[in-house]
Amino acid sequence: MKELTLITKVAVVVGMLAMVWITPAVAGSCPTDMKEIDETLAKGTRLKAADLDKIKQWRAEGEKLHKAGKHKQAVDTLEKAKVKLGI
């Protein structure tokens, strides 16, 4: 039983370290994604107005989520805009 406890402790520490390592990476991708979206929109696109409105909505929501610290949700939301823009 003592070995299991040690293994469990090691697993918890490794998991925590992984979270600490991954979180900044995900958080750091939000500004890059927003910049890509902004640059693509600035170049112009042939998308319909309704599609552009949706992209802008996702872009704004992604930034709001990023600022709130909800980076996974922000990345997912920004990805929708990028897919619609073809980037």
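The values are calculated or read from the model by the stated rules, or taken from the named source; none is laboratory data. Worth saying up front: this structure is predicted, and the values here are computed from it rather than measured. Here the Cβ is made from the backbone with ideal geometry for all residues, glycine too, and neighbour counts use every protein chain on show.
Here is how the numbers come out for the structure above:
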{"quantity": "Residue in the range 39-48 that is at pLDDT 95 or above and of a type in the set (S, T, N, Q) present", "calculated": "yes"}
{"quantity": "Output for the range 34-63, where each listed residue is surrounded by fewer than 11 Cβ atoms within 10 Å (Cβ to Cβ) and small (Gly, Ala, Ser)", "calculated": "Ala42, Gly44, Ala49, Ala50"}
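Yes or no, residue by residue, for (1) farther than 18 Å from Thr32 by Cβ; (2) out of contact with any Asp or Glu (no Cβ under 9 Å at 6 or more places or on another chain); (3) part of a loop (DSSP other than H, G, I, E, B):
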| site | (1), (2), (3) |
| --- | --- |
| Ala50 | yes, yes, no |
| Glu61 | no, yes, no |
| Gly69 | no, yes, yes |
| Lys72 | no, yes, no |
| Glu79 | no, no, no |
